[in-house]
Amino acid sequence: MEDFERDVVARSAEVPVVVDFWAPWCAPCRALGPLLERLAAEHAGAFVLAKVDVDAAPAVAERFRVQSIPAVKGFRDGAVVAEFVGAQPEPVVRRFLAAVLPTVADERARAGAARAAAGDAAAAEAAFREALAHDARHPGALLGLARLLAARRADADALALLERMPPTVPLTAAAERLAAELRMRSGVEGDEAALARRIAADPADLDARLARGRLLAVGQRWEEALAELCEVVRRDPRFADGAARKAMIDAFAVLGNEHPLTDRYRGELAKVLFR
């Protein structure tokens, strides 16, 4: 399973990987195999062909719900993007490969990511926008361009891009985290010490508590931020249209599900809301 993760799932972030699930006793598998090998040679490295013997690797076959062989799955960016079952004729296999191989949008998005990593924001933005001209919902281009816009504080435009992200792609979690960060910092202002003095003078000042909690979150003082926001929810769950609860949920998205503060304050929030 570790080899599969490395050689197929992780590798598919660099180049598409076509996986042929087969077995030596399977006659249709033996018929399909040479066709896949010939097409791999024809495409000269445009994709990697991997073979998985389902008898030797039953856990991998089970994970990908292989119930009949031959089963062929195309991976790109860590996810299955196309598949077929059975010894299909060459035209069908070629159509499958067309769905697996990178599109123009894929290539421009990859170029944008490379330019962004090199620090050339202008070239990266141009490449991402070109990718989106070919595919308006390309996940990599949407996220890449949103990150560039967020870096220059064009938060509204970045959020608008993130709203176009398809809901179930490998980049969804990263997009949700960036969106949470942008919402969290939107409109945050004030002096934390001054807000603390207001709260000390009047513990029921929920405007000050909400502002301080959001300010602390932007400063990544997470435990203090979550405690303050939770106190707002405890005193009035509907205050400012539930802004404190929404800010806590955004904080959970930024911290991640495995962070101990996420686990702790999700429990605290549940107790307050459902008491």
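Take every DSSP beta bridge whose two residues both sit in the chain; close to 65 percent of them are antiparallel.
Straight-distance candidates among the aspartates and glutamates for linking to K51, with alpha-carbon spacing under 13 Å and chain neighbours fewer than 8 residues away dropped: D3, D7, D20, E37. Rg and Dmax of the range 124-243, based on Cα coordinates, read 17.7, 57 Å. Taking chymotrypsin sites (Phe, Trp or Tyr not before Pro) across the range 4-38, the ones in a DSSP loop with at most 13 further Cβ atoms lying within 10 angstrom of their Cβ are W25.
Using a Gaussian network model of the chain in which every pair of alpha carbons under 10 angstrom is joined by a spring, one finds that among E228, E125, E42 the greatest mean-square fluctuation is at E42. For the chain, the per residue solvent-accessible surface stands at 53 Å², with DNA, RNA and ligands left out and a 1.4 Å probe. Our note on the geometry: Cα centres of the range 178-238 and the range 42-103, 50 Å apart. Taking other residues whose beta carbon is less than 15 angstrom from the beta carbon of V188, and scoring Lys, Arg as +1 and Asp, Glu as -1, yields -1.
Assuming charge only on the beta carbon of Lys and Arg (+1) and of Asp and Glu (-1), the dipole of the chain about its Cα centre is about 500 debye to the nearest 20. Surface composition of the range 188-275: carbon plus sulfur atoms hold 49% of the accessible area, using a 1.4 angstrom probe and ignoring ligands, DNA and RNA.
Taking Cα pairs under 8 Å and at least six residues apart, what relative contact order does the range 147-224 come out at, in percent?
23
When all alpha carbon pairs of the range 11-109 are counted in 10 Å bins from zero, the resulting P(r) reads 16, 51, 29, 4, 0 %. Based on the convex hull around the alpha carbon atoms, the chain presents an average projected area of 18.3 nm².
Note on K246: lysines with a C-alpha under 25 Å away, same-chain residues under 8 apart excluded, are K271.
Would the range 56-186 count as rounded, prolate or oblate if I go by the C-alpha gyration tensor, calling it rounded below 1.5 in a/c and otherwise prolate when a/b exceeds b/c, oblate otherwise?
prolate
Ranking of H138, H43 by solvent-accessible surface, largest first: H43, H138 (1.4 Å probe, protein heavy atoms only, all chains present). Applying a 4.7 Å Cβ-Cβ cutoff to the chain leaves C230 as cysteine residues with no disulfide-compatible partner. DSSP finds beta bridges in the range 9-129, and of those with both partners inside it, around 65 percent are antiparallel.
Within the range 213-275, the chymotrypsin sites (Phe, Trp or Tyr not before Pro) that combine a DSSP coil assignment with at most 10 other C-beta atoms in a 10 angstrom radius are F274.
Of the trypsin sites (Lys or Arg not before Pro) found in the range 96-204, those that fall in a DSSP loop while having at most 12 other beta-carbon atoms within 10 Å are R137, R152, R153.
The values are calculated or read from the model by the stated rules, or taken from the named source; none is laboratory data. Bear in mind that the values here come from a model prediction, so they are computed numbers and not experimental data. Cβ sites come from the backbone with ideal geometry, for glycine too, and all protein chains shown count toward neighbours. Side chains included, ligands, DNA and RNA excluded: accessible areas come from the protein's heavy atoms. Shrake-Rupley method; radii C 1.70, N 1.55, O 1.52, S 1.80 Å.
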